[in-house]
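Single-structure report; data block below.
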Amino acid sequence: MTAFRGLIAYPVTPFDESGDVNYAEFERMLASLAVSGVDAITVLGSSGSFAYLSAAERRRVVRRAVDVVGRANPGLPLYAGVSAVATAELLEHVADAVDAGIDGLLVSTVSYVPLDEDEVAHQCRLVAAASELPICLYSNPSTTNFAFSIELIAELAREPTIRGVKETAPDTDAFAARYERLRRLVPEDFSHGMSGDALIADAGFAADAWHSGPASVLPVHYAALRDALVEGDPARAAALRDELAPLLHEFTSLRKLSNLYALARAAGIEAGEPRLPLLPIAGSSRRDLARLLEPLGEPL
């Protein structure tokens, strides 16, 4: 399968009551997710709290993930986020991921001082030269204060290992227009994937991939929704979207990442609380998520 295609789930990294990584729950969660119908899994994305883990924890998370997913569903692509503020640290994470046996890398433009295009291009090429693994660029301007231009993505797509980008847009029409522009400038197997919980919840465009945190909690529902779009069944897609809409409307109104931990807990995953300095969402919002999740059975 071409890298970074289909439904890509981004699970949380669970924490126990003391704030340590709950590796036992992490393994249980991944084993279940690996056979849920998703097309790939990415650990240590934003959803996986990569920015709040030590290098040793990140190394252990990746190794555990490779072992668990490899046993549960051999051949299912497993990717890992390797982003870091310093380029030297980023390259160390790349080396750790390669040593662990990961299938691909997710790279965002994390920096204390926002990067410019020359700095981003230089760093991405250093990552591309560091291994033969396929790379997905992550355009996340709300966090990094840097947005990949169409021209920069097309330039970097000339690197043999840079095989995709994930990004969001204000709405489905804006993403679709950008998708069509980029498609004319990149190789045929380059993946232009959609991220952003609100945009994906709109379910108006399948793109080459959906990169989603909630899909790690509701994989069957997200897979059914994406399949309806890919198969050209707008009536089924609309019905599935309407079924998920109340929950996702509430979810997207809440603080990022903390909302995913709350949703995972409502679904029975022992996710714990997000690691400080992030705080959990209010108890009333947790109860609302649980109430809206409860009526969701198998997709229509």
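The values are calculated or read from the model by the stated rules, or taken from the named source; none is laboratory data. Just so it is clear, the structure is predicted and the values come from calculations on it, not from any experiment. Here the Cβ positions follow ideal geometry from the backbone for every residue, glycine too, while neighbour counts run over all protein chains shown. All accessible areas refer to the heavy atoms of the entire protein, side chains included, with ligands and DNA or RNA removed. Shrake-Rupley method; radii C 1.70, N 1.55, O 1.52, S 1.80 Å.
Worth pointing out:
- Qualifying positions in the range 209-248 - acidic (Asp, Glu) and under 19 Å from Ala264 (Cα atoms): Glu243
- Residues that are surrounded by fewer than 20 Cβ atoms within 10 Å (Cβ to Cβ), at pLDDT below 95 and not small (Gly, Ala, Ser) within the range 116-145 comprise Pro141, Thr143, Thr144, Asn145, listed in sequence order.
- Check on Arg291, more than 20 Å from the chain's Cα centre (by Cα), among the charged types (D, E, K, R) and in a helix (DSSP H, G or I): yes
- Conditions (1) polar (S, T, N, Q); (2) open to solvent by 30 Å² or more (accessible area, probe 1.4 Å); (3) farther than 17 Å from Tyr23 by Cβ: number failed by Ser83: (2)
- Per-region count, the range 15-56, residues of a type in the set (Gly, Ala, Ser) and outside any helix (DSSP H, G or I): 12
- Residue within the range 210-227 that is free of Cβ contacts under 8 Å to residues at least 24 places away in the same chain and within 21 Å of Ala176 (Cβ to Cβ) present: yes
- Here Pro160 does not fit the description of being touching a strand residue (DSSP E or B) at 6+ places or on another chain (Cβ under 9 Å) and at pLDDT 95 or above.
- Positions within the range 145-181 being acidic (Asp, Glu) and under 17 Å from the mean Cα position of the chain (by Cα), in sequence order: Glu167
- Residues that are touching a residue at least 40 places away in the same chain (Cβ under 8 Å) and not in a loop (DSSP other than H, G, I, E, B) were ranked within the range 68-80; the one that is surrounded by the fewest Cβ atoms within 10 Å (Cβ to Cβ) is Arg71.
- Test: Arg163 is over 27 Å from Ser258 (Cα atoms), surrounded by fewer than 16 Cβ atoms within 10 Å (Cβ to Cβ) and among the charged types (D, E, K, R): no
- Condition check for Glu243: open to solvent by 40 Å² or more (accessible area, probe 1.4 Å), within 23 Å of Gly164 (Cβ to Cβ) and in a helix (DSSP H, G or I): no
- In summary, helices (runs of 4 or more DSSP H) completely within the range 85-178 and bearing 1 or more residues that are under 24 Å from Val66 (Cα atoms) occur at 87-100, 117-130.
- Here Tyr179 fulfils each of the conditions (1) touching a Ser or Thr at 6+ places or on another chain (Cβ under 9 Å); (2) of a type in the set (Ser, Thr, Tyr); (3) more than 21 Å from Leu257 (Cβ to Cβ) apart from (1).
- Residue in the range 169-186 that is surrounded by 19 or more Cβ atoms within 10 Å (Cβ to Cβ), within 20 Å of Gly45 (Cβ to Cβ), touching a residue at least 60 places away in the same chain (Cβ under 8 Å) and not aliphatic (A, V, I, L, M) present: no
- Any chance Thr144 is touching a residue at least 12 places away in the same chain (Cβ under 8 Å) and within 21 Å of Leu199 (Cβ to Cβ): yes
- Looking across the range 256-284, the residues that are in contact (Cβ under 8 Å) with a residue 12 or more places away in the chain, farther than 26 Å from Ala223 by Cα and either of a type in the set (Ser, Thr, Tyr) or open to solvent by 30 Å² or more (accessible area, probe 1.4 Å) (or both) come down to Glu273, Arg275, Leu276, Leu279, Pro280.
- Hits in the range 191-217 (condition: assigned to a loop (DSSP other than H, G, I, E, B), out of contact with any Leu (no Cβ under 7 Å at 6 or more places or on another chain) and surrounded by 22 or more Cβ atoms within 10 Å (Cβ to Cβ)): Ser195, Ala207
- The number of residues in the range 39-67 that are within 18 Å of Ala271 (Cβ to Cβ), open to solvent by 10 Å² or more (accessible area, probe 1.4 Å) and aliphatic (A, V, I, L, M) comes to 2.
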